[in-house]
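The values are calculated or read from the model by the stated rules, or taken from the named source; none is laboratory data. Since the model is a prediction, treat every value here as computed from it, not as a measurement. Positions of Cβ are backbone-derived with ideal geometry, glycine not excepted, and every protein chain shown enters the neighbour counts. Heads up: the accessible areas ignore ligands, DNA and RNA and are worked out on the full protein's heavy atoms, side chains in. Shrake-Rupley method; radii C 1.70, N 1.55, O 1.52, S 1.80 Å.
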Amino acid sequence: MRAAARQMKIKSQLIEAQANVCEAWKAKRLIEIDDGERRAAWLDEILTQRALEVGGDPAKAIKCMINAAKRKGMFKRLRAILKSAWSSLDYIEVPNEKWLLDEESNELYEFDNGIFVAHAKFEENLYEQYGQIKIPPNTAKVVEVEISGEAIYVKNPESIQQATWSRVTKPEEMEQWLLKRNKRHLQQMYIENCPPTMSNFAPILEEYGTSSKAKQVLNGECDLESLNLSPEMKWFLESLKMNENEKKLDIPKRMTREDFQK
């Protein structure tokens, strides 16, 4: 009895749903029949509103609307030119091995949280622990290493094993890999101990690099010897000094329409 009652209820709900779909389709057809009149009324409403905004002149309102449409079309064409075609990310590939060696460039590549770091060779089978972000060539081979002190020792430089990759297709896994990659990429400046990351250097630049001290550095007016900085940092600041030609450059604060269209 309960099963029969449940089936009757489902059947009643199905009939009601079908009736609602039919009514919605009829309403859609009515809208399509007089869509021209509806659109005309909508445009007339917009025109009236725009005319009030520009002083009650319909002709001026129409001209403003035409110019807005032209600008929209121009920006759409510019986006098509400046931005290459793109699609959603379907998958990413992650290497299964951590260390790759390329003998042609004398570089050892380490896969670290989504990026490759290239270590330079300084002796036979020995590589610096310090490295820079770099994509390995396809000729790089899988090797085994041993890290000791300040050096990385390659145990089997004669390896001919090719790198293998795993494809990640699950969106949540791809997101985790991309987050790890971005975090590691942003940490590179701190790993390399670049001058802007030093505690006694940061106040010179402040948050946006536009402090009065930073401007003095650019203009060559800063007394670097009075600053409590290492010789390397002073050299770095000295290299930022603008030459005479750079000082004469006039940076425009606005761009004209003609310049934009060139």
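Within region 85-94, can one find any residue that is at pLDDT 90 or above, part of a loop (DSSP other than H, G, I, E, B) and open to solvent by less than 40 Å² (accessible area, probe 1.4 Å)? Taking every residue of region 85-94 in turn, none turns out to be at pLDDT 90 or above, part of a loop (DSSP other than H, G, I, E, B) and open to solvent by less than 40 Å² (accessible area, probe 1.4 Å).
One residue is enough: does region 17-27 have a residue meeting the conditions among the basic types (Lys, Arg) and either open to solvent by less than 100 Å² (accessible area, probe 1.4 Å) or at pLDDT 75 or above (or both)? Scanning region 17-27 turns up at least one residue that is among the basic types (Lys, Arg) and either open to solvent by less than 100 Å² (accessible area, probe 1.4 Å) or at pLDDT 75 or above (or both).
Residue count for region 148-159 under the criterion of being more than 36 Å from the chain's Cα centre (by Cα) and under 11 Å from Leu101 (Cβ atoms): the result is 5.
The criterion of at least 2 residues that are open to solvent by 60 Å² or more (accessible area, probe 1.4 Å) is met by the following strands (runs of 3 or more DSSP E) wholly inside region 103-190: 115-123, 126-133, 145-148, 165-168.
Among the residues of region 191-231, those identified as touching a Lys or Arg at 6+ places or on another chain (Cβ under 9 Å) and open to solvent by less than 90 Å² (accessible area, probe 1.4 Å) are Pro203, Ile204, Leu205, Val217, Leu218, Asn219, Gly220, Cys222, Leu224, Leu227.
Taking the condition free of Cβ contacts under 8 Å to residues at least 24 places away in the same chain and within 30 Å of Phe236 (Cα to Cα), does Ala151 pass? First the steps, then the outcome.
Values: free of Cβ contacts under 8 Å to residues at least 24 places away in the same chain: no; within 30 Å of Phe236 (Cα to Cα): yes.
Criteria not met by Ala151.
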